[in-house]
Amino acid sequence: MNRSKQQQPPSHGNGASATPDGVASSESINARLQNPGAVAVLAFRRDLPRLLEQHSRQWVAYCGDRQMGFAATKTKLYQQLLGNGLAGNEFEIFYVAPEMPDPVEINWPSIG
């Protein structure tokens with residue numbers, strides 16, 4: 001796979017900072033290239049509502065902010081991606097299920 005396609009500037013609306021003319025800043029591009037896993041997490045969270053409607057309880061892979069495929073099992077998805085020539089460090093895999101809410105701390109008054 002051509003790595004240059006994976007390193008396109010982030011599109012507007014994916015959390016990347018952009019200059020007023022809509023061109024991604026060099027800082028946001030550098031951050032993305034240094035941590036594509038973080039970009040994958042943001043893309044997954046951005047897409048989760050639609051994924052829950054269309055691919056609930058499936059596995060999805062992202063390479064940066066690009067969806068790379070879906071499968072019923074994580075193993076099948078790995079096999080599919082590796083069979084297409086991707087290295088294991090070029091993608092992130094997520095399970096499509098509702099996210100757990102952040103824990104809430106309750107300060108109960110002490111009795112006694």
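Looking across the range 81-98, the residues that are part of a loop (DSSP other than H, G, I, E, B) and of a type in the set (A, V, I, L, M) come down to Leu86, Ala87, Val96, Ala97.
Give the residues of the range 79-100 that are surrounded by fewer than 16 Cβ atoms within 10 Å (Cβ to Cβ) and closer than 18 Å to Ala43 by Cα, sorted by residue number. Selection gives Asn89, Tyr95, Ala97, Pro98, Glu99, Met100.
Of all residues in the range 60-80, those satisfying the criterion of being on the phi < 0 side of the Ramachandran plot and part of a strand (DSSP E or B) are Val60, Ala61, Tyr62, Cys63, Arg66, Gln67, Met68, Phe70, Ala71.
Read the figures in this text as sums done on the coordinates, not as results from a lab. Since the model is a prediction, treat every value here as computed from it, not as a measurement. We place every Cβ from the backbone using ideal geometry, glycine too, and count neighbours over all the protein chains shown.
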